[in-house]
1. Express in nm, to one decimal, how much length is gained between Q253 and A82 on full extension, taking 0.36 nm for each residue of separation and deducting their alpha carbon distance.
2. So for the pair E320, T282, with labels modelled 7 Å out along Cα→Cβ, what separation do we get in nm?
3. Is the shape of segment 497-546 rounded, prolate or oblate, going by the alpha carbon gyration tensor and its root eigenvalues a ≥ b ≥ c, with a/c under 1.5 for rounded and a/b larger than b/c for prolate?
4. Once you place label points 7 Å from the Cα toward the Cβ at K29 and S60, how far apart are they in nm?
5. 5 Å is the cut-off here: which amide hydrogens, built 1.01 Å from N in the peptide plane, fall below it relative to R159, excluding neighbours closer than 5 in sequence?
6. Can you compute the radius of gyration and Dmax for segment 219-271, using only the Cα atoms, both in Å?
7. V560: accessible area at probe 1.4 Å, nearest 10 Å²?
8. Taking 0.36 nm per residue of sequence separation and subtracting the Cα-Cα distance, how much length would be gained by fully extending the chain between S481 and I428, in nm to one decimal?
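The values are calculated or read from the model by the stated rules, or taken from the named source; none is laboratory data. Everything quoted here is computed from the prediction, not taken from an experiment. With ideal geometry, Cβ positions are generated from the backbone for all residues, glycine too; neighbour counts draw on all protein chains shown. These area figures cover heavy atoms from the full protein model, side chains too; ligands, DNA and RNA do not enter into them. Shrake-Rupley method; radii C 1.70, N 1.55, O 1.52, S 1.80 Å.
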Amino acid sequence: MTRPESTFYVTGGTLRHDAPSYVERQADKDLLNALVKGEFCYVLTSRQMGKSSLMVRTASKLREQGTTVVVLDLTAVGQNLAPEQWYGGLLSRLGHQLRMEDTLDDFWFRHETLGPCQRFFTAIQRIVLPTLLESEEEALAKGQRKPRVPDVAPQGPERLVIFVDELDVVRSLAFSTDEFFAAIRECYTRRVEDPGFHQLTFCLLGVATPSDLIRNTQLTPFNIGKRIELRDFEEHEALALADALGHPPQIAQRMLRQILRWTSGHPYLTQRLCQAAANHRTASGTRGVDELCREIFFSNRARERDDNLLFVRERLLRSEVDLINLLRLYRRVHRSTQIASFFRFHIALRKIEPVADEETNPLVSILRLSGVTKVEKGILRVRNRIYHRVFDPAWVEANMPVAELWRRWLAIWGAIKRAGAFIATAFIVLLLTSVALAVWTRPWERVRFERTPRTARHVNRPKPHVPLREAAATPAMIDLSDFYNAALNEAWHLGPRTNHLWALPSGLQKLAGVEFDVRGLIQLAGMNLWREGFPEAVRGIAVRQKCERVHFLHAAAWKVPEGTQVGNYVIRYADGRKRFIPILYGQDVSDWLVTKNEKPDNEFETLAWKEPSEASGSENRSKRLFKSTWENPFPEVEILAIDYTSTMTDAAPFLIAISVEPR
């Protein structure tokens with residue numbers, strides 16, 4: 001039996017600044033304090049986390065303090081627009097809120113020789129800020145306000161805070177908005193030369209990462225402002241939500257505690273479950289909450305209708321990154337997350353290597369911006385028990401591209417053929433028997449076949465015998481001695497004994513115009529090379545110098561489709577910044593073993609070395625290495641170290657040498 005629908009809880013859209021169900025978090029205090037001090041801020045996180053509600057409430061408090069506030073919602077400007085229309089629309093909305101429409105429209109049309117972006121920000125500088133300052137001077141003349149201290153962020157109506165909401169809309173525009181965010185950054189940097197810019201403060205909100213704001217690698221990235229972390233509700237913060245559940249205080253608090261156990265404080269999911277509990281008279285106690293949770297989130301209909309679950313699903317499956325690698329990575333996160341199964345009496349404790357939070361890894365960024373994961377002590381975890389159950393391994397398997405599933409069956413079939421007819425028959429009989437027993441004894445579970453876990457085994461491999469580093473080697477030739485896990489003159493892969501690089505000249509060698517220190521190699525794990533104990537990542541390769549560019553001598557073992565990301569390099573700077581360099585198969589590297597019928601070597605601009613025909617011993621098979629060059633966008637900042645990681649595809653990357661060009 002249901003009660004009249006509760007209006008206390010809000011499960012869609014933005015909450016009013018005085019909404020009784022608004023839950024104040026630490027982010028409310030952090031954002032208000034930062035904006036009062038004049039700091040540029042950004043709140044970048046997944047959908048339905050309360051960004052817009054936080055903005056409305058903070059804007060209201062700033063207005064109460066006398067600050068002039070403008071809110072630019074980018075969804076209201078439109079998407080199918082030319083740059084002139086888009087920037088003109090922004091200025092029109094700004095003018096409407098400041099009651100300067102006519103003045104700003106006149107400025108816009110009188111300066112058509114300026115570009116749209118320059119015209120927009122020039123109008124703010126020449127028209128808006130001086131007008132607000134004149135208003136403040138009039139107030140001072142009338143004795144209504146005290147003079148402010150120079151070079152300190154003003155606190156009166158001459159102070160302008162501009163909120164830019166729904167940043168992710170810019171990705172749907174037909175033109176680049178890099179210059180828009182670069183201009184916002186300039187407003188901050190010009191405070192040093194022009195104190196008038198202390199009047200102006202920006203706050204950016206949306207589903208994005210700082211690297212998404214300025215995508216052109218030739219431009220300085222968006223590296224200013226204070227990041228405001230918008231976290232899930234804590235229990236002590238959400239206590240007010242229990243008041244409207246319609247039960248005695250003790251029962252209501254127990255119900256709220258159970259709701260938070262399912263949602264982990266996710267704002268939308270918490271409000272949604274609270275609203276359902278308030279509307280159902282029979283929902284009482286923890287069992288009632290569990291039944292409601294099952295009904296509104298876990299049914300097939302709910303999974304196809306709930307806005308939040310739909311957003312998470314679409315964000316994961318419609319992203320621009322490689323879907324196979326993204327789903328593999330999420331499966332690792334799911335397996336490594338220790339969550340008690342609520343409807344069965346066990347805890348899933350799988351010893352899977354956790355996934356680190358690497359902000360420069362686009363796959364990690366997608367997992368975070370979708371909202372399905374959160375960060376705990378630098379490790380990605382599934383955000384809550386609802387997501388853990390809805391987006392489970394069965395969901396991953398069902399959405400894995402057909403090509404990946406077909407590849408698995410081909411691998412299984414190949415193993416069967418190699419095993420021989422008798423062993424194959426026994427294997428099939430055993431397999432069918434196991435499936436029949438599983439279905440007979442546990443009919444309520446779906447039977448799923450899954451390949452061996454994707455994480456590499458940690459085996460203590462013997463130290464390879466590599467030559468000592470020559471005295472003539474310069475610091476520009478990065479020393480990899482502590483990281484080598486295979487020698488050039490030994491076969492390090494399973495298979496033919498000729499799987500080595502003895503024909504590659506060792507020592508200080510000039511390859512593709514670059515001097516390298518060639519003595520050994522660093523092999524990373526892959527799907528075809530995870531049992532041998534090679535690592536999934538090697539971290540902390542010391543560089544400790546400033547440089548213009550970095551050269552990598554590397555390759556991969558086994559083949560994958562062109563464009564597949566097989567690994568990445570993470571550049572770690574002395575100032576704490578990181579830069580992510582993807583390693584793409586077919587562009588940066590390819591299979592080190594090449595056959596006669598494969599892509600000609602002259603089509604690879606990155607080819608650095610090819611085994612001489614007399615050394616290969618075969619007309620149809622030879623070996624090769626590739627050189628990739630990365631232009632450093634911050635040559636003035638020292639690079640401390642480089643991390644080298646695998647994405648665990650079929651192709652396992654390996655590294656021979658790294659050299660830098662000092663600044």
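1. Contour length minus the Cα-Cα distance gives 56.3 nm.
2. That separation, rounded to one decimal, is 5.0 nm.
3. Numbers: a/c = 2.94, a/b = 1.23, b/c = 2.39.
Judged from the Cα gyration tensor, segment 497-546 comes out oblate (a/c at least 1.5, b/c at or above a/b).
4. Label-label distance for K29 and S60, simple model: 2.0 nm.
5. For R159, the qualifying residues are T68.
6. In Å, with Rg to one decimal and Dmax whole: 16.5, 59.
7. 20 Å²
8. Values: separation 53, 0.36 × 53 = 19.08 nm, distance 4.75 nm.
Net length gain for the segment: 14.3 nm.
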